[in-house]
Amino acid sequence: MSTGTTWTIAGVRTALAAKKISARELAREFFSAIERRNPELNAFLTVSTDRGYAQADRVDAAVARGEALGPLAGVPIAVKDVISTQGVRTTCGSKILENYVPPFDATAVERLEAAGAVILGKTNCDEFAMGSSTENSAYGPVRNPVALDRVPGGSSGGSAAAVAAGLAVAALGTDTGGSIRQPGACCGIPALMPTYGRVSRYGLIAFASSLDKIGPFTGNVADAAAVLGVMAGRDVNDSTSAAVPVPDYAAELDKPVKGLRIGVPEDYFGEGLDTEVKSKVEKGIALLEGLGCRRIPLKMPHTDYAIATYYIVATAEASSNLARYDGVRYGLRVPGSTLTEMYRRTRERGFGAEVKRRIMLGTYALSAGYYDAYYLRAMKVRSLIARDFSDAFQKVDAIITPTSPTPAFKLGEKTADPLQMYLADIYTVTGSLAGVPGISVPCGRTKAGLPVGLQIFGLHFGEGRVLQIANVFEKAGGATI
Amino acid sequence: MELHKTKIRRTVEERQGNSRSLTPIRRRRGWVREDNGRRGRAQGGMACANLIAMKISRDDVLRVAELAHLELTAEEVELYRGQLDEILSYIGKLEQLDVASVEPMAQVLFDAPDGAHPEVREDTLRPCNVADAILAQSPDAARPFFRVPKVIDR
């Protein structure tokens, strides 16, 4: 089975309420585990013992006073290092922010802590969330706990590895083109990308502002619902956060799926899909059919153009968002005799190769003479891709696909060829561009023991349905299929 | 005086990460960025036809690196040129699609339910006392300023 820790959110609540363990003891258990295993995995970049224990003590005091506990009281949670945590170093996996300490918390972090969560520390990731393997981190790659010579996926590889190795009960990741779902598939744990605008991006250090989302990795689907429920909702500090009411996700989880129409797009099952992955996902779909779902074949004709679209839109936005790293106000500064020289040297020294590549690609796509042919065209194709989804949802309640074309690949296997690395996201970027929610759930393992992920897409703000199907799938044994 | 203004304007634009504009033009009393989008559209047809065959040149890489404030070594220029070339060739497949009558997706969830994105908040002052924390870790602070190499030569 998948995850390292036996603790679940419900388990923590029960144990704390029954005084079987204190929040401090629980925190210590996790901090010790991190100390033991992190040197090998490199999942954590910063461990926040001060903050974590202070919170644990607050939870213990509440327990002692007999107060009602928050929904995540005492739950040890890790946070991807692109998300701002007040007083705790936040690097974005980059040298340019090596010693940056945010003066504020991201809204998502604030809400988790207000619900009682114990923040364990910051997890390793591809630099500025750009990558599909966490090999682009300036602080070394992360090892997949399931297979140490393999990648945990990316860009949220540290968060995925932390949960899979039992070093956190939940972890926050971010997803722009697949960076939550794909690591979840690689490491064999549930990984949820909410609808764009469902969770506030305030405090999320921006990569691509029309694509970035924060979402949870957990040991089981019910926990993902719990974490989402705490984070979701309108935030006045993020004008793109939606005022759509947050439903009671837990209430949806165990509803029967009989009669639900599940769309299976043939475009996700073609060339390039590993045969073992295909076989497991087909078994997963059969499992859902066995539970009463109706399989509806779909065509989503613009699937094949999604990577090209994404690598224009996302890089264009990134080139703008990363212009702020110039050595003036925060982060690394390499001195120069002129302002421009300072900018150039700072960015040359502070950014890694993938970040530079993407900044240049984005700048090129937006530059004079190319804007129409690249960026404007990509924005139009994005509309077509979004339309594929809205057309599909006229006919089905959810769309089922493999999360990733292959299981976790070996460290170093794709680093020489950027385009090959980009193609790892072919099944995830589509939903990213359309802004729909998607989850990856464990769906068996290959003969070599590598986890396979099954992806479920839903309607905008339809996380309830996505979590319901995922939960029922999990309870029916989907992970060991 | 005119040269002086040009220098400031470019610096401000570059700092704002505006990679679209290379040279500002003066229009009446104000300064207006050259609308390269419009220019691009006029050239659009020809640019489109050429794009599939066009490969990114060393000069393109140098130009882009300058716009993006990246200082590259000679080896890096060649390395990135090759990689960007391959990526751009792949991206060329978007040319296959007929998008003449398609609206660009300027905002995600434009069709979201009414009230999903309330437009404005109350115009009330909210304290935000982070100035000291920010200056404390800036590379070169002279409160309340960030100090940088001289910009203006008088």
Exercise for the section: Give the order of A:D417, A:D223 when sorted by the count of other beta carbons within 10 angstrom, beginning with the fewest. Expected result: A:D417, A:D223
Handout entry: Helix-only [θ]222 nm of chain A, DSSP H runs n ≥ 4, -39500 (n - 2.57) each, per residue, nearest 500
Key = -11500 deg cm²/dmol
Fill in the blank from the handout: Residues other than A:G178 with Cβ under 13 Å of its Cβ, Lys/Arg counted +1 and Asp/Glu -1, net out at -2
Problem - Where GluC sites (Glu not before Pro) fall in DSSP loop in the range A:14-69, at most 16 other Cβ within 10 Å - result: A:E67
Completion exercise
Once A:I21 and A:E289 are pulled to full extension, the length gained, defined as 0.36 nm per residue separation minus their Cα-Cα distance, is 92.3 nm
Problem - Relative contact order [Cα under 8 Å, 6+ residues apart], the range A:9-253, whole percent - result: 18 percent
Practice task
Quick one: net charge around B:E76, please, counting Lys, Arg +1 and Asp, Glu -1 for every other residue with C-beta under 11 Å from its C-beta.
Solution key: -1
Practice task
Describe numerically, in nm with one decimal, the distance between label points set 7 Å from Cα along Cα→Cβ at A:T14 and at B:A136.
Solution key: 4.4 nm
Completion exercise
Taking every other residue with Cβ under 11 Å from the Cβ of A:F217 and scoring Lys and Arg +1, Asp and Glu -1, one gets 0
Fill in the blank from the handout: The pairs in A:K255/A:K395; A:K410/B:K93; A:K395/A:K475; A:K255/A:K283; A:K283/A:K475; A:K19/A:K475 lying past 18 Å Cα-Cα in this model are A:K255/A:K395; A:K410/B:K93; A:K395/A:K475; A:K255/A:K283; A:K19/A:K475
Practice task
Counting only DSSP beta bridges with both residues in the protein assembly as shown, tell me the antiparallel percent, nearest 5.
Solution key: 70 percent
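Every number in this text was worked out from the coordinates using simple rules, so none of it is lab data. This one's a predicted model, so the numbers in the text were calculated from it and none came from an experiment. As a convention, Cβ positions derive from the backbone with ideal geometry for all residues, glycine included, and neighbour counts pool all protein chains shown.
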